[in-house]
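A.B. asks: Structure incoming, see below.
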Amino acid sequence: MKVEQVNTNFSGYFVATEDDNEAGKLIYKWDDPTTMVILSTAVNSAFKGRGVGKDLVVATAEYAKENGIKIIAQCPYAKGQLEKMPEYSELLK
């Protein structure tokens, strides 16, 4: 499974792929230069139960942590995952 980020000045997403098939996507927007808002996390039904959603949240959190960015998680799944992981919970705004 490979997770890549596509980012613009206003929004972006993390996409998980396996053998050129999209497994899932986490979509975000920028609230300001140091705050990202996670809008949604979706997993392709063929990949359900394989931890794809969690992998996307972790990739997003790692990016935020490395770049001094705070996260507003409007997506209930992402918020729940971040709250469960003490190493990332401080990123929540």
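The values are calculated or read from the model by the stated rules, or taken from the named source; none is laboratory data. Keep in mind that what you see is a predicted model, and the values were worked out from it rather than measured. Methodologically, a virtual Cβ is constructed for each residue, glycine included, from the backbone with ideal geometry; neighbour enumeration extends over all protein chains shown. In case anyone asks, the SASA skips ligands and DNA or RNA and just uses the protein heavy atoms, side chains included. Shrake-Rupley method; radii C 1.70, N 1.55, O 1.52, S 1.80 Å.
A.B. asks: Taking amide H positions as placed 1.01 Å from N in the peptide plane, with prolines and chain starts having none, which residues 5 or more places from GLN74, or on another chain, fall under 5 Å of its amide H?
C.D. replies: Placed amide hydrogens put ILE38 under 5 Å from GLN74.
A.B. asks: Using a 1.4 angstrom probe on heavy atoms only, work out the carbon and sulfur share of the accessible area of region 7-78 in %.
C.D. replies: Exposed carbon and sulfur together represent 48 percent of the surface.
A.B. asks: A follow-up question, please. Based only on the alpha carbon positions, what is the Kirkwood hydrodynamic radius of the chain, in angstrom?
C.D. replies: Taking the inverse mean of 1/r over all distinct Cα pairs, the chain comes out at 13.0 Å.
A.B. asks: Oh, and also: How much net charge surrounds PHE10 when only other residues with a Cβ under 14 Å from its Cβ are counted (Lys, Arg +1; Asp, Glu -1)?
C.D. replies: Here the charged neighbours net out to -1.
A.B. asks: Using amide H atoms built in the peptide plane, which far-off residues or other-chain residues are under 5 Å from LEU92 H to H?
C.D. replies: Amide H to amide H, under 5 Å and 5 or more residues apart or across chains, LEU92 pairs with ILE71.
A.B. asks: Oh, and also: With a bin width of 10 angstrom, please list the P(r) values of region 1-50 as percents of all Cα-Cα pairs, from the 0 bin to the one holding the largest distance.
C.D. replies: The percentages, shortest bin first, are 26, 47, 22, 4.
A.B. asks: Also: Determine the order of TYR28, TYR13 by accessible area, beginning with the largest, at a probe radius of 1.4 Å.
C.D. replies: Listed by decreasing accessible area, they come as TYR13, TYR28.
A.B. asks: Report, in deg cm²/dmol and to the nearest 500, the calculated mean residue ellipticity at 222 nm for the chain, where each DSSP H run with n ≥ 4 adds -39500 (n - 2.57) and the sum is divided by the residue count.
C.D. replies: Helices in the chain give a 222 nm mean residue ellipticity of -9000 deg cm²/dmol.
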